[in-house]
Amino acid sequence: AGFPGPPLSNMSSRRIFGVTAVVFYAIHAGWQVLHDNPANPLWACHLGSLLVGMGLLCGAPLLNLVGVLWLSLGTPLWIWDLSRGAGTFYPTSTLTHVGGLAVGILGLRQFGLPGRAAWPPAFGGAIGLHVLSRWVAPAGKHINFAGGIWPGMEAYFESETVFLLGVLLLCGTAFWGVERLLRLMSSRWHWPSEPGG
C-alpha cells in the first residue's frame, strides 16, 4: 500500500511545498520578533520547518529528513508542554510544528530516504543549537534546553548536568528510533531511495 496523499509529481510542486515550509518558519519568526521574543525562532522544532523547506527547494533529502527528525521530537514535546500548562501557546507555532512536519512527510514521499543516516547530523545539530542558545538566548526562556532545568522538571533531576544528559539520551534515541522506523516502513510505502539507503 502506498503512503497516503498525492505524490509531488514535478519540480514545480516540490518548490511550492518548499516555499510553504520556509514561509511557515518566516511567519512564526516574524511574529516572535514583533512581539519581543526574538530567541524563540531558535528552537530546533521551528528550525526543523526551515530545514524541511530548504531540503525541498535544494533537492536535498538528508536536509529534509533532519528537519523531520527535529520536528518528530519537538512537536510531541511542544504538545506535552502546553498540556501541562508550562508553555505559552503562540498561534504561529502551529505552522512550524504541524505544518512543517506535514510538509516534511510530503518531502519524504517525494525523495524517500537519503543514502546516509540522518540521525547523527540531527543529533550533532541539536547539540550545536543548544550551545548557541546558551550564548544568545535569555536563560529564562530555556531555548533548546539551555538556561537550566526545564520548569516543572526540577523534582526529577538532581542537577542541570543530569538533566542535560537525559536530554541528550532522549534526543539521540528519538532521532535514531524515528529514522529506523521510517527506513523499515519505506519499502512498504514504496518510497524512492538514494544509493546506499
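A few points about this structure:
- Using a Förster distance of 35 Å, the FRET efficiency for Met153-Val19 (Cβ separation, nearest 0.05): 0.40
- Within the chain, longest stretch free of exposed trypsin sites (Lys or Arg not before Pro) [DSSP loop, at most 16 other beta carbons within 10 Å]: 1-83
- Extension gain (nm, one decimal) between Tyr90 and Asn37, 0.36 nm per residue minus Cα-Cα: 18.0 nm
- Dipole magnitude of the chain, debye to nearest 20 (Cβ charges: Lys/Arg +1, Asp/Glu -1, about Cα centre): 600 debye
- Modelled label reach - Met11, point 7 Å along Cα→Cβ, the stretch 40-76 residues with backbone N closer than 15 Å: 56-60
None of the figures in this text is laboratory data; all of them are computed from the coordinates on show. Because the structure is predicted, anything quoted here is derived from the model rather than measured. We place every Cβ from the backbone using ideal geometry, glycine too, and count neighbours over all the protein chains shown.
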